[in-house]
1. Only one of (1) modelled with pLDDT under 90; (2) buried (at least 21 other Cβ atoms within 10 Å of the Cβ) is not met by PHE48, so which one is it?
2. Does any residue in the stretch 150-174 that is farther than 14 Å from MET25 by Cα come within less than 6 Å, Cβ to Cβ, of a residue that is surrounded by 14 or more Cβ atoms within 10 Å (Cβ to Cβ) and of a type in the set (D, E, K, R) six or more places away or on a different chain, and which pairs are these?
3. Please give the number of the condition GLY11 fails out of (1) buried (at least 22 other Cβ atoms within 10 Å of the Cβ); (2) more than 22 Å from ASN147 (Cβ to Cβ).
4. Given THR108, THR81, THR16, THR61, which one is touching a residue at least 40 places away in the same chain (Cβ under 8 Å), more than 19 Å from GLU176 (Cβ to Cβ) and either open to solvent by 20 Å² or more (accessible area, probe 1.4 Å) or out of contact with any Phe, Trp or Tyr (no Cβ under 9 Å at 6 or more places or on another chain) (or both)?
5. Among the numbered criteria (1) more than 15 Å from the chain's Cα centre (by Cα); (2) at pLDDT below 85, which one does GLN116 miss?
6. For the stretch 71-83, enumerate the residues that are within 14 Å of the chain's Cα centre (by Cα) and not in a helix (DSSP H, G or I).
7. Would you mind telling me which numbered condition in (1) under 11 Å from LEU17 (Cα atoms); (2) open to solvent by less than 90 Å² (accessible area, probe 1.4 Å) ARG166 fails?
8. Yes or no: the stretch 19-27 includes at least one residue that is under 16 Å from the mean Cα position of the chain (by Cα) and polar (S, T, N, Q).
Amino acid sequence: MKPVFLIGYMGCGKTTLGEVLARQMGVPFIDLDEYIERQQGMTIVEIFAREGEERFRQLETAALGEVAAMDGVIIACGGGTPCHGNNMTLMNEMGVTVWLTTSPERITARLLLPEQRVKRPKFNDLPDEAFLPLVQRELERRSPYYNQASLQFDSTDIETAPATVRTANRLATLLEPLLRQMTKN
C-alpha cells in the first residue's frame with residue numbers, strides 16, 4: 001500500500017482522525033511533527049524559537065522525504081507542509097493525499113482549547129478574537145496547495161470517539177479503491 005498523506009490546516013483533525021484510520025486499516029501512523037521532534041530532540045515550538053521557521057521547513061521537507069518512501073503508512077502532515085518547496089508534488093507522486101476540511105469556525109474552536117494552543121507557535125500570543133480572522137486568511141492562502149490533493153474529505157464530525165470511528169470508516173471506504181488502483185499502476 002502506498003502512503004496516505006493527511007493534509008489540511010491545523011486543527012482540522014489530521015492526527016485525531018489519522019490515528020483511528022491507521023488502526024482501522026492495520027497500518028502504522030506517523031505524525032510528521034512528532035517524527036521531526038524525535039529526530040531533533042526538541043519540540044516544534046522550540047525549533048521555531050531557536051532556529052526559525054526557515055530551518056523548520058528544511059527539517060520538515062527532509063523528514064517528509066523519509067516518510068514518503070515508506071509503504072503502508074498513514075501520515076499526518078503539518079498544516080504548512082504542502083505549501084513549501086515541492087512537498088505537495090512529492091506527496092502526490094508517492095501516495096494518496098487527502099485534504100481534511102472543516103469550517104474556519106470549527107477549526108478556531110479546536111485551536112482555542114488550552115491543550116491545542118500551547119502546541120501552536122503561531123497562536124501562542126494571540127488574543128482569542130484574532131484566531132478566526134487569521135484562520136480564514138491562512139486557509140485562503142493555503143487553499144491552492146490543499147486543492148492539489150487526490151481527495152477532499154470533511155473532517156468536521158470527530159468531536160467524540162464514536163464519531164471519529166465512523167468518520168474514519170467513511171474515509172477508509174473512500175481510500176480503498178484509490179490505493180488498489182495505485183498498486184496496479
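1. (2)
2. Qualifying pairs under 6 Å: THR156/ARG106; ALA163/ASP157.
3. In the conditions (1) buried (at least 22 other Cβ atoms within 10 Å of the Cβ); (2) more than 22 Å from ASN147 (Cβ to Cβ), GLY11 misses (2) alone.
4. Values: THR108 fails: either open to solvent by 20 Å² or more (accessible area, probe 1.4 Å) or out of contact with any Phe, Trp or Tyr (no Cβ under 9 Å at 6 or more places or on another chain) (or both); THR81 fails: either open to solvent by 20 Å² or more (accessible area, probe 1.4 Å) or out of contact with any Phe, Trp or Tyr (no Cβ under 9 Å at 6 or more places or on another chain) (or both); THR61 fails: touching a residue at least 40 places away in the same chain (Cβ under 8 Å).
Matching residue, one of THR108, THR81, THR16, THR61: THR16.
5. It fails just one condition, (1).
6. From the stretch 71-83, those within 14 Å of the chain's Cα centre (by Cα) are 73-83; that's our starting set.
Those that are within 14 Å of the chain's Cα centre (by Cα) and not in a helix (DSSP H, G or I): VAL73, ILE74, ILE75, ALA76, CYS77, GLY78, GLY79, GLY80.
7. (2)
8. Here is the first cut: in the stretch 19-27, the residues under 16 Å from the mean Cα position of the chain (by Cα) are 19-22.
Subsequent filtering for residues that are polar (S, T, N, Q) retains none.
No, the conditions are met nowhere in the stretch 19-27.
The values are calculated or read from the model by the stated rules, or taken from the named source; none is laboratory data. None of the values given here were measured: they were computed from a predicted structure. All Cβ positions, even for glycine, are placed from backbone atoms using ideal geometry, and neighbour counts span all protein chains on display. Surface accessibility is based on the protein's heavy atoms, side chains included, excluding ligands, DNA and RNA. Shrake-Rupley method; radii C 1.70, N 1.55, O 1.52, S 1.80 Å.
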